[in-house]
Amino acid sequence: MHPLYTQMPTTIFETMSARARATGAINLGQGFPDSGWPQDVLDVAATALLTGNNQYPSSLGLPDLREAVAAHYAAHQGVTLDPMREITITSGATEALAAAIFALVEEGDEVVLFQPLYDAYLPLVRRAGGVPRLVRLAPPHWQFSAADLDAVFSPRTRLVILNNPLNPSASCFGRTALELLATYAERFDAVVLSDEVWEHVVFDDRRHTSVLAVPALRDRSVKIGSGGKIFALTGWKIGWLCAASPLSQVLARSHQFLTFTTPPNLQAGIAHGLSKPLDWFSAMRGQFQRSRDRLVAGLTAAGYAMLPSDGTYFVSIDLAASGISLDDVTVADRLLAAGVATIPVSAFYAEAPVTSTLRLCFAKQDSVLDAAIERLAVALPGLRS
């Protein structure tokens with residue numbers, strides 16, 4: 001057995017969700033919505049299951065879905081993609097990450113990552129033989145500077161992994177940040193792997209900027225998307241890799257030896273969903289923004305200080321500004337006892353963690369949010385004492 005896996009802890013998501021189930025706590029930890037999903041997307045997938053071909057589809061994905069991905073990004077982000085040469089369908093975004101990292105990283109290559117980081121990144125980089133170089137981001141804005149990049153880029157830098165919007169900080173990297181990153185990627189001939197699964201969940205009239213929309217990054221970047229995140233169908237595990245043709249060919253070869261292919265009926269459902277009109281996506285964002293605002297308003301009224309949430313399903317409590325001197329792990333434990341499961345953001349750092357923020361998921365029904373607000377309000381005085 002490889003020691004990387006035998007020594008690996010259970011993810012913070014699984015740990016807190018299991019504790020929530022065991023205690024009956026409201027689960028604002030794991031990021032899954034409970035507001036349902038588009039029925040027409042399910043209907044198309046069900047019809048495809050019953051009447052379509054259920055044998056292996058192309059390893060690259062159904063042509064209909066690749067064409068839908070290309071048309072979707074042309075309409076929403078102004079990105080032009082060749083659906084047959086620049087798009088590979090994967091079994092979820094995590095498989096897309098694995099395929100890209102295994103294809104692009106060799107033993108001893110340095111990989112730039114931004115903390116806080118999604119928990120799959122580091123194990124995959126290390127399994128590929130990569131050497132992590134970490135940029136520490138901090139609240140309230142969670143942005144990087146030229147000095148940060150100077151400290152981690154070197155002639156050995158092969159790959160940069162970016163999550164935009166960034167889970168768990170709920171922040172976004174705009175065009176200016178991406179153009180700064182592009183100057184370093186060009187100088188050191190690095191590829192940028194951009195995990196953009198939250199691209200549609202952005203708020204306050206923001207528009208997501210993809211790495212593929214930045215000219216200097218177009219031919220040296222890989223964009224990852226997720227039908228599960230877009231349509232709240234996280235169990236379907238339909239993702240994709242988008243990149244210029246020379247990169248895409250390498251990614252496809254890596255993908256074919258991981259899962260080879262992805263259920264065709266689910267691909268058909270996501271292809272249908274991606275063709276929905278623009279106002280459907282605006283309404284979806286509006287619904288999540290309303291839930292964000294409900295939770296933020298309730299907790300602010302209760303005395304908590306909340307950090308900005310520009311995207312994703314998440315918002316964080318600023319513990320110090322809330323008058324709480326305890327670290328985030330201790331607070332998470334106490335709030336679990338009070339009936340609400342949360343996630344300590346320090347769990348997303350490999351070194352020098354920020355220990356003063358606590359992540360909450362607001363993609364829940366109003367009744368769930370209101371009950372959580374009530375329990376958190378009752379718990380606050382005890383956290384301050």
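Among (1) more than 19 Å from Gln30 (Cβ to Cβ); (2) crowded, with 20+ Cβ neighbours inside 10 Å, where does Asp370 come up short?
(2)
Residues are listed down the side, and each one gets a yes or a no for (1) within 22 Å of the chain's Cα centre (by Cα); (2) part of a helix (DSSP H, G or I):
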{"residue": "Trp37", "(1), (2)": "yes, no"}
{"residue": "Asp40", "(1), (2)": "no, yes"}
{"residue": "Asp43", "(1), (2)": "no, yes"}
{"residue": "Ala48", "(1), (2)": "no, yes"}
{"residue": "Asn54", "(1), (2)": "no, no"}
{"residue": "Ser58", "(1), (2)": "no, no"}
{"residue": "Asp64", "(1), (2)": "no, yes"}
{"residue": "Glu67", "(1), (2)": "no, yes"}
{"residue": "Ala75", "(1), (2)": "yes, yes"}
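Could you list, in sequence order, the residues of region 45-60 that are surrounded by 12 or more Cβ atoms within 10 Å (Cβ to Cβ) and under 26 Å from Leu258 (Cβ atoms)?
Scanning region 45-60 gives Ala45, Ala48, Leu49, Gly52, Asn54, Pro57, Ser58, Ser59, Leu60.
Residue by residue through region 243-255, note down the ones that are more than 28 Å from Leu42 (Cβ to Cβ) and part of a helix (DSSP H, G or I).
Across region 243-255, the qualifying residues are Ser245, Pro246, Leu247, Ser248, Gln249, Val250, Leu251, Ala252, Arg253, Ser254.
Mind listing whichever residues of region 187-206 are farther than 12 Å from Asn163 by Cβ and in contact (Cβ under 8 Å) with a residue 60 or more places away in the chain?
Across region 187-206, the qualifying residues are Ala190, Val191, His200, Val201, Val202, Phe203, Asp204, Arg206.
Of everything in region 317-337, what is small (Gly, Ala, Ser), crowded, with 18+ Cβ neighbours inside 10 Å and out of contact with any Leu (no Cβ under 7 Å at 6 or more places or on another chain)? Give them in sequence order.
Within region 317-337, Ser322 is the sole residue that qualifies.
Here are Ala138, Ala147, Ala120, Ala74: which of them is free of Cβ contacts under 8 Å to residues at least 24 places away in the same chain, surrounded by fewer than 21 Cβ atoms within 10 Å (Cβ to Cβ) and under 21 Å from Ala352 (Cβ atoms)?
Ala147
If you take just the strands (runs of 3 or more DSSP E) that sit entirely in region 79-157, which of them hold at least 2 residues that are within 24 Å of Ser346 (Cα to Cα) and in the same structural domain as Phe188 (by TED's automatic domain parsing)?
Qualifying strands (runs of 3 or more DSSP E): 110-115, 131-136.
Using the structure shown, decide if Arg133 is touching a residue at least 60 places away in the same chain (Cβ under 8 Å) and of a type outside the set (Asp, Glu).
Criteria not met by Arg133.
Restricting attention to region 286-313, and to residues there that are more than 27 Å from Ser385 (Cα to Cα) and touching a strand residue (DSSP E or B) at 6+ places or on another chain (Cβ under 7 Å), which single residue is surrounded by the fewest Cβ atoms within 10 Å (Cβ to Cβ)?
Among residues in region 286-313 that are more than 27 Å from Ser385 (Cα to Cα) and touching a strand residue (DSSP E or B) at 6+ places or on another chain (Cβ under 7 Å), the one surrounded by the fewest Cβ atoms within 10 Å (Cβ to Cβ) is Asp310.
Any residue in region 29-38 that is at pLDDT 95 or above and crowded, with 20+ Cβ neighbours inside 10 Å?
There is no residue in region 29-38 that is at pLDDT 95 or above and crowded, with 20+ Cβ neighbours inside 10 Å.
Yes or no: region 97-106 includes at least one residue that is surrounded by 21 or more Cβ atoms within 10 Å (Cβ to Cβ) and touching a Cys at 6+ places or on another chain (Cβ under 7 Å).
So far as region 97-106 goes, no, none of its residues is surrounded by 21 or more Cβ atoms within 10 Å (Cβ to Cβ) and touching a Cys at 6+ places or on another chain (Cβ under 7 Å).
Restricting attention to region 210-231, does a residue exist that is buried (at least 22 other Cβ atoms within 10 Å of the Cβ), under 20 Å from the mean Cα position of the chain (by Cα), among the polar types (S, T, N, Q) and in a loop (DSSP other than H, G, I, E, B)?
Scanning region 210-231, I find at least one residue that is buried (at least 22 other Cβ atoms within 10 Å of the Cβ), under 20 Å from the mean Cα position of the chain (by Cα), among the polar types (S, T, N, Q) and in a loop (DSSP other than H, G, I, E, B), so the answer is yes.
Report yes if some residue within region 100-117 is small (Gly, Ala, Ser), modelled with pLDDT under 95 and within 18 Å of the chain's Cα centre (by Cα); otherwise report no.
Within region 100-117 (the criterion being small (Gly, Ala, Ser), modelled with pLDDT under 95 and within 18 Å of the chain's Cα centre (by Cα)), the answer is no, since none of the residues qualifies.
When you go through Trp280, Trp240 one by one, which is the residue that is assigned to a helix (DSSP H, G or I) and aromatic (Phe, Trp, Tyr)?
Trp280 is the lone residue from the list that is assigned to a helix (DSSP H, G or I) and aromatic (Phe, Trp, Tyr).
Taking the condition of being within 20 Å of the chain's Cα centre (by Cα) and of a type in the set (Phe, Trp, Tyr), how many residues in region 262-316 meet it?
The qualifying residues number 4.
The values are calculated or read from the model by the stated rules, or taken from the named source; none is laboratory data. These numbers come from a predicted model, not from an experiment. Here the Cβ is made from the backbone with ideal geometry for all residues, glycine too, and neighbour counts use every protein chain on show.
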